[in-house]
Amino acid sequence: MKFSPTMRHISIVSEVDAPIERVWAAVTSPEGINYELRPYLRMTVPRPFRGVTIDDIEPGTKLGRSIFLLFGVLPFDYDDITVAEIDKGVRFLERSTMMSMSTWIHERTLRQRGERTEVTDAVSFVTRAPLGLVPGWTQMLRGVLSFLFRHRHRRLKALFNGDQQSASTRVGA
C-alpha cells in the first residue's frame, strides 16, 4: 500500500465585539496567540522574534521553530513558522511545516462588520508519514484541530465581549 498524502481543510468563522484594529493587535501578538490557545496549549516564540508582532515582519520571513507545549509545559510538536503573506490590519497567511505535518497553511482574515469584527481561520494540512499511515489518524487530527480553532474563537469572543480595557491588558495589547 502506497501512502498518498491528502490535504485536509477546516474553516471557522465568528464575530467579536470589537473594532478590527483592536482584534488585529490581539491576534497578531505572541501574548494574544497564547491567550487564545490556553489552557490547552502554549507556543514558544523563536528567539529573534520575541517582542515582535506580525506587523514587524516582512512577508516571506521564516521565523524558525516554535515549540507547542501541551497544557503549557509538555513539549509535543513544533511549528517551523514562515509568514508567507501579510495584509497589515486584515490578513496573514502562514505556510509552515511541523513535526506532525508536512504541510501547514493557516490563513486568518479579519473583516469589519459595523462595530464588530468577523474573524475567519482557514487551515489546510497534510499529515506527515508515518503518522499519516495510521488508520484514522488524519481524521482524528482534523477533529482535534477543529476543536482547537473553535476554542480559539470562543476565547476571542470572551476576550472582547467583556470589558474592553481589561481585555486589552490581558493580552498585552
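Over the chain, DSSP H runs of length four or greater, each weighted -39,500 (n - 2.57), average out per residue to a 222 nm ellipticity of -8500 deg cm²/dmol. Built from the Cα atoms of segment 70-161, the convex hull projects on average onto 7.0 nm², one quarter of its surface area.
Convex hull volume of the Cα atoms of segment 19-173, normalised per residue: 106 Å³.
The modelled label-to-label distance for the pair Phe76/Thr6, using points 7 Å beyond Cα in the direction of Cβ, is 2.4 nm. Remark: spin-label model distance Gln112-Glu31 equals 2.5 nm, labels positioned 7 Å along the Cα→Cβ axis. Based on the reciprocal of the average 1/r between different C-alpha atoms, the Kirkwood radius for segment 45-94 equals 11.8 Å. The ranking of Ser66, Ser124 by Cβ neighbour count inside 10 Å, starting from the fewest, reads Ser124, Ser66. Ranked by how many other Cβ atoms sit within 10 Å of their own Cβ, fewest first, the residues Lys157, Lys62, Lys88 fall in the order Lys88, Lys62, Lys157.
Applying 1/(1 + (r/R0)^6) with R0 = 30 Å to the Cβ-Cβ distance of Ile67 and Asp17 gives a FRET efficiency near 0.40.
Evaluated over the Cα positions of segment 1-111, the convex hull gives a direction-averaged projected area, one quarter of its surface, of 8.2 nm².
The GluC sites (Glu not before Pro) found in segment 86-162 that occupy coil by DSSP, while having at most 10 further C-beta atoms within 10 Å, are Glu115.
All of the numbers you see were taken from the coordinates with simple rules; none came from a lab. Bear in mind the structure is a predicted one, so any value in this text is a computation, not a measurement. Note: ideal-geometry Cβ built from the backbone for every residue, glycine included; neighbour counts use all protein chains shown.
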